[in-house]
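Structure, as structure tokens:
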Amino acid sequence: MIGKRVRVLRGDHYGQTGEVINLAQNVRGIKEPVYCVWFGGTDSALLFKHEMEVIE
């Protein structure tokens, strides 16, 4: 997933595209992988895999 372009499927960034830049670790004890998606500039979000789709 790292380096892939994705489209957000839900939440505040719905419909935006961005790049997965890393896999976040130890996010409030959540067991499911959480990815950091960068949208440009200083705008980024932590998302679960089911909240995005790979477009490239």
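For the reader, a short list of remarks on this structure follows.
- The range 11-25, residues that are over 10 Å from the mean Cα position of the chain (by Cα), open to solvent by 60 Å² or more (accessible area, probe 1.4 Å) and modelled with pLDDT of 95 or more: TYR14, GLN16
- Scanning the range 26-52 for residues that are exposed (fewer than 12 other Cβ atoms within 10 Å of the Cβ) and in a strand (DSSP E or B) yields GLY40, ASP43.
The values are calculated or read from the model by the stated rules, or taken from the named source; none is laboratory data. All figures in this text were calculated on a predicted structure; none of them were measured in a lab. As a convention, Cβ positions derive from the backbone with ideal geometry for all residues, glycine included, and neighbour counts pool all protein chains shown. Remember, those area values only see protein heavy atoms, side chains included, never the ligands or the DNA or RNA. Shrake-Rupley method; radii C 1.70, N 1.55, O 1.52, S 1.80 Å.
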